[in-house]
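The values are calculated or read from the model by the stated rules, or taken from the named source; none is laboratory data. Predicted model, so just to flag it, every value in this text is computed and none were measured. Cβ atoms come from the backbone with ideal geometry, glycine included; neighbour counts cover every protein chain shown.
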Amino acid sequence: MSKIRRLSHILAVSCFCAGLSVSAPDAIAGSSKTFKTSYCDIHYPDEKTLGDFFWRISGKRFNFIEDMSLARSRVDRLIDRVQSILDMYPDNFRFKIELHTEYKKGLIAAYYRDRNSVKVYADKVTDGVLAHEIAHAVICNYFNPPPPAKMQEILAQYVDRHLWSDY
């Protein structure tokens, strides 16, 4: 029995690892793992951090072996919603999300235009916080050059107010 259990455990771990895109160490996020969606690459240090992130933005704990496509769709649905609210659809839109494990001080989330990346803490992020930062990414990728910071903030706050208003 224990050999069968051990074999099934090895198979489960192999399937999990095969499903995630693992990349070389990432200097941006300080991690070596990447979870890809249609719009973004989510860089994370470990599976617990990724799981905490999905729980905080969706209220669901995912079994990544079975629910990988559902986890992807949760992020992409949020991005689609932000683009819809802003009525901005940048061409070939892609950006990065850098997940950090534990909030210590400073901003809970921020968008960095120079690296087209949203930094969030998995233990503090919410769908609203993430949507606000995604709005900055959408705005900066839609306009060339991007509008002034005050205008971006007004638009991102508009997303905050209308994120789930018609649901």
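At a glance:
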| quantity | calculated |
| --- | --- |
| Residue within region 92-106 that is closer than 12 Å to residue 142 by Cβ and free of Cβ contacts under 8 Å to residues at least 12 places away in the same chain present | yes |
| Selected residue [of a type in the set (A, V, I, L, M), outside any helix (DSSP H, G or I) and surrounded by 15 or more Cβ atoms within 10 Å (Cβ to Cβ)] from 78, 107, 99 | 99 |
| Which listed residue, of 41, 26, 46, is surrounded by 17 or more Cβ atoms within 10 Å (Cβ to Cβ), at pLDDT 90 or above and acidic (Asp, Glu) | 41 |
| Count of region 110-126 residues which are closer than 16 Å to residue 54 by Cβ, buried (at least 19 other Cβ atoms within 10 Å of the Cβ) and not hydrophobic (A, V, I, L, M, F, W, C) | 1 |
| Test: residue in region 152-162 that is surrounded by 21 or more Cβ atoms within 10 Å (Cβ to Cβ), of a type outside the set (Lys, Arg), in contact with a Phe, Trp or Tyr (Cβ under 7 Å, 6 or more places away or on another chain) and under 25 Å from residue 60 (Cβ atoms) | no |
| Count of residues meeting criterion [in a helix (DSSP H, G or I) and surrounded by 12 or more Cβ atoms within 10 Å (Cβ to Cβ)] in region 132-151 | 12 |
| Residues being under 16 Å from residue 99 (Cβ atoms) and either touching a residue at least 60 places away in the same chain (Cβ under 8 Å) or over 13 Å from the mean Cα position of the chain (by Cα) (or both) - total across region 122-167 | 7 |
| Flag for residue 62 being part of a loop (DSSP other than H, G, I, E, B) and crowded, with 16+ Cβ neighbours inside 10 Å | yes |
| Leading residue by the ranking (nearest to residue 91 (Cα to Cα)) among those in region 34-59 that are among the small types (Gly, Ala, Ser) and outside any helix (DSSP H, G or I) | 38 |
| Subset tally (residues that are among the basic types (Lys, Arg) and touching a residue at least 40 places away in the same chain (Cβ under 8 Å)) for region 54-91 | 2 |
| Verdict on residue 129 being on the phi < 0 side of the Ramachandran plot, buried (at least 22 other Cβ atoms within 10 Å of the Cβ) and either in contact with a helix residue (DSSP H, G or I) (Cβ under 9 Å, 6 or more places away or on another chain) or in a helix (DSSP H, G or I) (or both) | no |
